[in-house]
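Taken together, the values in this text are just the output of simple stated rules run on the coordinates, not laboratory data. Computed from a predicted structure; not experimentally measured. Note that we place each Cβ from the backbone using ideal geometry, even for glycine, and neighbour counts take in every protein chain shown.
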Amino acid sequence: MNKNPIGKVGLFATPKSMERLQDYMEKFNGPEGTVANTCAFMAWNLASKIIDDILEEEAAEAERLLAEAVDRLKGVLTGDDGQAYKKAEKFLDRFAAIRKEVE
């Protein structure tokens with residue numbers, strides 16, 4: 001992700017923390033407080049969903065690129081006795097295992 005996909009709305013201030021936002025929302029009582037909390041946390045959930053969608057897209061692209069690299073590597077290495085291919089395959093398997101641990 002090179003750029004934040006969630007642009008700021010200049011009409012509204014940006015709180016410095018979640019705590020400050022909640023402090024501000026506590027100023028509203030009754031139905032106004034309910035609406036303030038509902039809208040704030042619906043916006044929070046939407047922002048989270050947008051980021052989740054982007055992360056899923058980036059993971060899918062990384063998987064596609066890795067598969068393409070493996071295919072190219074296999075094509076390059078099939079001309080020898082297979083030892084280089086086996087070493088590369090072992091490396092790529094280890095890489096995939098580490099990637100799964102990180103996720």
Report, in deg cm²/dmol and to the nearest 500, the calculated mean residue ellipticity at 222 nm for the chain, where each DSSP H run with n ≥ 4 adds -39500 (n - 2.57) and the sum is divided by the residue count. -26000 deg cm²/dmol
Placing +1 on the Cβ of each Lys and Arg and -1 on the Cβ of each Asp and Glu in the stretch 2-76, which of W44, M18, I54 has its Cα farthest towards the positive end of the resulting dipole? M18
Simple SL model, points at 7 angstrom along Cα→Cβ for I98 and M18; separation in nm is 3.2 nm
Taking Cα atoms, how many degrees apart are the long axis of helix 30-77 and the longest axis of the chain, rounded to 10 and kept between 0 and 90? 10 degrees
Matching label, Cα Rg over 2.2 N^0.38 Å computed from the structure shown, candidates (i) 1.16; (ii) 1.86; (iii) 1.38: (ii)
